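The values are calculated or read from the model by the stated rules, or taken from the named source; none is laboratory data. None of the values given here were measured: they were computed from a predicted structure. Note that we place each Cβ from the backbone using ideal geometry, even for glycine, and neighbour counts take in every protein chain shown. These area figures cover heavy atoms from the full protein model, side chains too; ligands, DNA and RNA do not enter into them. Shrake-Rupley method; radii C 1.70, N 1.55, O 1.52, S 1.80 Å.
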Amino acid sequence: MDQVRRAESSRLRAVGKVQAQRLKHLRWGLLRRGSRIRGRVRQRVHALLTSKMATARAWELKETFFDFWKYKSVLWAGTFLDYWTERALRSRIEPMKKVARMLRVHEELILNWSRAKGEISAGTVEGLNNKIRVMTRRSYGFRTYEAMEIALYHTLGRLPEPESTHRFC
């Protein structure tokens with residue numbers, strides 16, 4: 001969304017159009033979810049949506065995609081994903097086309113959300129990733145990848161750490 005806004009603002013400023021002023025100071029308003037926009041920013045976003053600017057079309061695509069997470073049926077979620085990616089690919093907005101292509105590549109994995117009926121929590125995975133990141137930071141002095149791997153297994157399995165990570169034999 002922000003890439004689209006920046007590119008269009010730069011293009012309009014280079015041509016000297018007054019429409020570039022519409023995009024000024026709207027970065028955070030456009031990145032925020034539509035239901036959470038308040039005050040003058042809401043009025044400016046709605047005024048922007050009446051135009052035919054690429055930023056308005058990209059914002060509308062972004063907001064439409066939030067409906068995907070409401071689907072519980074894999075069939076309907078897949079249908080919506082196909083419809084949305086087709087719209088994004090036809091939009092002629094390159095960052096949105098890039099997202100659509102990425103969604104098509106990972107479609108089966110994304111549909112797992114619907115298969116699990118929305119009961120998946122990524123908290124466990126994020127916790128493991130954080131522990132791995134901390135262990136990687138701690139292991140910068142290790143000379144081999146195997147030593148880091150052993151230290152990681154010991155940390156994740158809560159095993160006692162060996163007295164030395166070096167082999168002298």
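Out of the range 32-57, which residues are open to solvent by less than 70 Å² (accessible area, probe 1.4 Å) and either farther than 20 Å from residue 12 by Cβ or under 15 Å from the mean Cα position of the chain (by Cα) (or both)?
Once the filter is applied, which keeps residues that are open to solvent by less than 70 Å² (accessible area, probe 1.4 Å) and either farther than 20 Å from residue 12 by Cβ or under 15 Å from the mean Cα position of the chain (by Cα) (or both), the range 32-57 yields 34, 37, 39.
For the structure I just gave you, tell me whether residue 132 is aliphatic (A, V, I, L, M) and in contact (Cβ under 8 Å) with a residue 60 or more places away in the chain.
No; evaluated as a whole, the condition is false for this residue.
Can you name the residue in the range 1-13 that is open to solvent by 90 Å² or more (accessible area, probe 1.4 Å) and free of Cβ contacts under 8 Å to residues at least 12 places away in the same chain and, of all such residues, is nearest to the chain's Cα centre (by Cα)?
If we take residues in the range 1-13 being open to solvent by 90 Å² or more (accessible area, probe 1.4 Å) and free of Cβ contacts under 8 Å to residues at least 12 places away in the same chain, then 6 is nearest to the chain's Cα centre (by Cα).
Of all the residues that make up the range 27-56, how many are in a loop (DSSP other than H, G, I, E, B) and either within 20 Å of residue 99 (Cβ to Cβ) or touching a residue at least 40 places away in the same chain (Cβ under 8 Å) (or both)?
3
Given the criterion open to solvent by less than 20 Å² (accessible area, probe 1.4 Å) and under 26 Å from residue 117 (Cβ atoms), identify the matching residue among 29, 78.
78
Consider only pairs whose beta carbons are under 8 Å apart and that are at least six residues apart or on different chains; among these, list those whose first residue lies in the range 92-108 and is open to solvent by 90 Å² or more (accessible area, probe 1.4 Å) and whose second residue is among the hydrophobic types (A, V, I, L, M, F, W, C).
Taking only residues 6 or more apart or on different chains, the pairs are 92/54; 101/89.
Have a look at 76, 59 and point out the one that is within 21 Å of residue 7 (Cβ to Cβ) and assigned to a helix (DSSP H, G or I).
Among 76, 59, only 59 is within 21 Å of residue 7 (Cβ to Cβ) and assigned to a helix (DSSP H, G or I).
Take the conditions over 19 Å from the mean Cα position of the chain (by Cα) and in a loop (DSSP other than H, G, I, E, B) and apply them to residue 92. Does it pass?
Answer is yes for this residue.
So which of 115, 137 is touching a residue at least 24 places away in the same chain (Cβ under 8 Å) and open to solvent by 50 Å² or more (accessible area, probe 1.4 Å)?
Selected residue: 115, the only one of 115, 137 that is touching a residue at least 24 places away in the same chain (Cβ under 8 Å) and open to solvent by 50 Å² or more (accessible area, probe 1.4 Å).
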